[in-house]
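All remarks here apply to the structure that follows.
The values are calculated or read from the model by the stated rules, or taken from the named source; none is laboratory data. All values reported here derive from a predicted model rather than from experimental measurement. Cβ: placed from backbone, ideal geometry, glycine included. Neighbour counts: every protein chain shown. We work out accessible area using only protein heavy atoms, side chains counted, and drop any ligands, DNA or RNA first. Shrake-Rupley method; radii C 1.70, N 1.55, O 1.52, S 1.80 Å.
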Amino acid sequence: MNLRNHMTRYAAITGFLGAATVLSVPQAVAADAPANTASVSGTVGTAKPLGPLGPLTDLVIQRILVSDDVAASKFGTTSPIEDPVREAQVLEQVRTQAEASGVNPDDAVAFFQDQITASKAVQKGLFARWTAHPEEAPTTRPDLGPIREQLDRLTTALLQELKDTQALREKPVACTVQSALAAGSGAVLERLDTLHRQALGTATHSVCRPGD
């Protein structure tokens, strides 16, 4: 099978799975609604994203939702969304943990760079929303300390999932199909709005390793 036919087949399968995912979830849950902006200690519902990449995607969604609390802690203060020093520290920590746990450190850093990019996109989007609609702005300011502890726990869990799913993630077509299935079902189950769905797309960009 030539490359063009291979990719056409892949696109058709991905589209089919994406449609099937939405149709398989109860209509009431699939209805459009704002994303949950409460403090997240786990995903909101008991159902989890589908497929072998579901647990990894579930953790990614948790991390994205924590970004809401990060935004709430910074909004109206001088704390910047962009923090290159903190980002470098996080990525260096990720590299060290990845090497210790048997995960390819370069893959791990690329994956977590996407998590950081997704988080900043959510924060910027919420800042813009709250500025335009002050009545929607948070009335309390969460402490960044516990939030960072939560992010550290998610980092450890995400690295473990990267290790556990390594064999699948090294199969580009199968991985991309399964990643689309997990992301699509997770977005519906968590009722993510457009901002958070786009962030999920960014955060899962490096889940699959490119083929040789």
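Basic side chains Lys and Arg get +1 at the Cβ, acidic Asp and Glu get -1 at the Cβ, and with that the dipole of the stretch 84-185 about its Cα centre reaches some 180 debye.
Most tightly packed first, judged by the mean number of other beta-carbon atoms within 10 Å of their residues, the peptides 158-166, 135-143 read 158-166, 135-143. Diffusion coefficient (Stokes-Einstein, Kirkwood radius over C-alpha pairs, 37 °C, 0.692 mPa s) for the stretch 84-130: 286 µm²/s, rounded to a whole number.
Below 8 Å between Cα atoms, with a sequence gap of 6+, how large is the relative contact order for the stretch 78-211 in percent? Reported as a whole number, the value is 35 percent.
Computed over protein heavy atoms with a 1.4 Å probe, the accessible surface of the stretch 57-212 works out to 46 Å² per residue.
Between A128 and Q93, the modelled label-to-label distance comes to 2.9 nm, taking each label 7 Å out from Cα in the direction of the beta carbon.
Between R141 and A167, how many nm apart are label points set 7 Å from Cα along the C-beta direction? Here the modelled spin labels are 5.0 nm apart. Shape index of the stretch 32-184: Rg/Rh, with Rg the Cα radius of gyration and Rh the Kirkwood radius from the inverse mean 1/r over Cα pairs, equals 0.98. Once the Cβ-Cβ distance of Q113 and A174 is raised to the sixth power relative to R0 = 22 Å, the FRET efficiency obtained is 0.40.
The Rg/Rh ratio for the stretch 109-212 is 1.03, where Rg is the radius of gyration of the alpha carbons and Rh is the Kirkwood radius.
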